[in-house]
1. Residues to consider are 546, 566, 581; find the one that is surrounded by 14 or more Cβ atoms within 10 Å (Cβ to Cβ) and of a type outside the set (Asp, Glu).
2. Go through the stretch 158-188 and give me each residue that's under 26 Å from the mean Cα position of the chain (by Cα) and closer than 22 Å to residue 127 by Cβ.
3. Looking at (1) buried (at least 17 other Cβ atoms within 10 Å of the Cβ); (2) more than 30 Å from residue 259 (Cα to Cα); (3) touching a residue at least 60 places away in the same chain (Cβ under 8 Å); (4) out of contact with any strand residue (DSSP E or B) (no Cβ under 7 Å at 6 or more places or on another chain), find the lone condition where residue 558 falls short.
4. Looking only at the stretch 565-585, count how many residues are in a loop (DSSP other than H, G, I, E, B) and among the charged types (D, E, K, R).
5. Going by the conditions given, is residue 522 in contact with a helix residue (DSSP H, G or I) (Cβ under 9 Å, 6 or more places away or on another chain), in a helix (DSSP H, G or I), under 30 Å from residue 240 (Cα atoms) and of a type in the set (Lys, Arg)?
6. Identify all residues within the stretch 130-187 that are of a type in the set (A, V, I, L, M), closer than 16 Å to residue 44 by Cβ and out of contact with any Phe, Trp or Tyr (no Cβ under 9 Å at 6 or more places or on another chain); write none if there are none.
7. Could you tell me whether residue 224 is exposed (fewer than 14 other Cβ atoms within 10 Å of the Cβ) and of a type in the set (Ser, Thr, Tyr)?
8. Can you find a residue that is among the β-branched types (Val, Ile, Thr) and under 23 Å from the mean Cα position of the chain (by Cα) anywhere in the stretch 479-488?
Amino acid sequence: MSGIVGILNLDGSPVDGDLLDRMTAYLGFRGPDGRRARAMKNVGLGHTLLRVVEETAREAQPFTLDDQRWIVADARIDARHELVADLRARGQQDVAFDAPDVELILRAYSVWGEDCVSRLLGDFTFAVWDEPRQRLFCARDQLGVKPFFYAQLGQTVLFSNTLDCIRLHSGVSCELNDAAIADFLLFGVNQEIDTTSFRDIRRLPPAHTLTWSNDQAQCRRYWTLPIEEPIHFKRADEYSDRFRELLRAALRDRLRTRRVGVFMSGGLDSPTLAATSLSLLRERSSDFFLQAITSVYDRLIPDTERHYAGLVAEYLSIPIRYDVRDDETSITQWDQVSVHTPEPVDNPPAFAAGVEFLKAITPKTRVFLYGEGPDNALRYEWRPYVSHLVARRRAIRLVRALSSDLFMHRRVPLLGSIRRLAGARAHRKLWLEPFPDWLNEEFAERCGCRERWADKQRMSSSPHPVRPLGYDGFRAVRWQPLFDDCDINGALTHCEIQHPFLDLRLVRYMLALPAMPWCRNKLIIRRSMRTALPRDVLTRKKTTIPVSPDFRRVLAAGLPQLVPSPDLLRYVNPVKTTSMPKSSLELRAALRPLGLNYWLRNLASAS
């Protein structure tokens, strides 16, 4: 969660040192453990440090090896041993295996130039100033876990991993990007991954690089999630062995500290992270701290998370802390919180409650593990898999797939899935929001809101022939809200929230698994953890919350009254907004005008 910032004057004029210092100082909330800025003729770089791993004790940014190339980065580089071996084979003999991440990136750039990103694995955002080439080279990781924002104002380029930092420049307009605001009101998230809520500030998309050289800017995609043939092993145990191997590698790269927290539900995914992390930490040392953190409801809604998460914690003999959310400041108490977010969110009080809870637990650890990923990667897509085998005339594999599905699940394969498929369209319609009639008509017409809405409702075709839903589950726009939330929460509370299941090695493996039988009920995880987790958790069926906790709160106390700011009237007709939603679905849509209004008021008061 370190902070980075940079200024480049393309016309060669000197950088405003005072502005660079102010922008770097602003990033102090991201990095309380160190702050440095360096102005070099027409370029300036700034960095604030958050120490989350042991190597950062030797880290000082902006960083250089030869006073010719300088880098600022917020990064965690994985598969370090392989990268260091490659660097040594190409002449970088003095690079150490425990070198700071920023050094590994700069050495990779020195060897491979702009193609260095194809050699990097991990979560990263960085910028390299190459003095001999007069080139600024910027990059963002493949899935977009780390943010990167930039603006070009004539001959001046600004960049940072913090949107509000760029707004400190007096030339950056306060004008909003109406298309992004429209997407927020329609869908809750901007559908354009290269823009922000502000007209002048852009977002570098995931898996892209951005280069300024010779007064020219070039943005290019350097990576696309590959489409691979299903993996077929001879023995069933080879599938779970490989899964455990990759998961351990992903966690080993992230456990470069001895104090770790796991956001652990009572399901399957996050307990798997806890059990595997415990095993790795025990192998390394007896001096470690691993704690589970579980959000629970004891009264507001029916909730069994406390019971199942408690079983896991007891089985693993690790401490567990419960985040009891029945009485948290909620959407019915907006006047009791003061929240600033870089872009609008639909429920500011819930955001504030999350930040306050994280602040209470971060003194014990600065690294937290989040279990998102398998729900997307392990979709039970038996139909395209069967079609694939039939089209390839793989009769023996088809028979094996059907028989193994029957044997391992002890139920006739496909029948339940066929029944669910039959009701899928009806279920999708049930959760499909209607077009909001409270949009300002002139705004809706100008931004093509109905067209944007219709495009979003269409089922797009996937390029993956065997795992279309799983593959589409990793499209960038779906993950941006989660990564943004984790980033700003981590920055405000001085911690790093990491996503081991989104390790690219593990994602590719899960998407290459035969759907039958390994994706049915996440069999691959259940088999891999069959001795590492309690049986009651391994056999527990996936559950969903029967009713939104916030909807329960609204039923009891009602929505807060919408007192529209003057700016809101450009986007919303407040007369048509609802005061009492009839369902969780209606509540989800009703929150957006309230959230936008709250954000616009904060924006106006800060101007």
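The values are calculated or read from the model by the stated rules, or taken from the named source; none is laboratory data. These numbers were taken from a predicted model, which means no experiment stands behind them. A quick note on method: Cβ atoms are made from the backbone with ideal geometry, for glycine too, and the neighbour counts reach across all protein chains shown.
1. On the way: 546 fails: surrounded by 14 or more Cβ atoms within 10 Å (Cβ to Cβ); 566 fails: surrounded by 14 or more Cβ atoms within 10 Å (Cβ to Cβ).
Going through 546, 566, 581 in turn, the sole match is 581.
2. Going residue by residue through the stretch 158-188, those that are under 26 Å from the mean Cα position of the chain (by Cα) are 158-168, 176-188.
Once the filter is applied, which keeps residues that are under 26 Å from the mean Cα position of the chain (by Cα) and closer than 22 Å to residue 127 by Cβ, the stretch 158-188 yields 158, 159, 160, 161, 162, 163, 164, 165, 166, 167, 168.
3. So residue 558 meets the others, but not (1).
4. Within the stretch 565-585, the first condition is being in a loop (DSSP other than H, G, I, E, B), and the residues that meet it are 565, 571, 573, 577-583.
Retained after the next criterion (residues that are among the charged types (D, E, K, R)): 582.
Count: 1.
5. Numbers: in contact with a helix residue (DSSP H, G or I) (Cβ under 9 Å, 6 or more places away or on another chain): yes; in a helix (DSSP H, G or I): yes; under 30 Å from residue 240 (Cα atoms): yes; of a type in the set (Lys, Arg): yes.
It is true that residue 522 is in contact with a helix residue (DSSP H, G or I) (Cβ under 9 Å, 6 or more places away or on another chain), in a helix (DSSP H, G or I), under 30 Å from residue 240 (Cα atoms) and of a type in the set (Lys, Arg).
6. 153
7. Numbers: exposed (fewer than 14 other Cβ atoms within 10 Å of the Cβ): yes; of a type in the set (Ser, Thr, Tyr): yes.
So residue 224 fits the description; yes.
8. First pass over the stretch 479-488, keeping only residues among the β-branched types (Val, Ile, Thr): 488.
Next cut, under 23 Å from the mean Cα position of the chain (by Cα) only: 488.
Scanning the stretch 479-488, I find at least one residue that is among the β-branched types (Val, Ile, Thr) and under 23 Å from the mean Cα position of the chain (by Cα), so the answer is yes.
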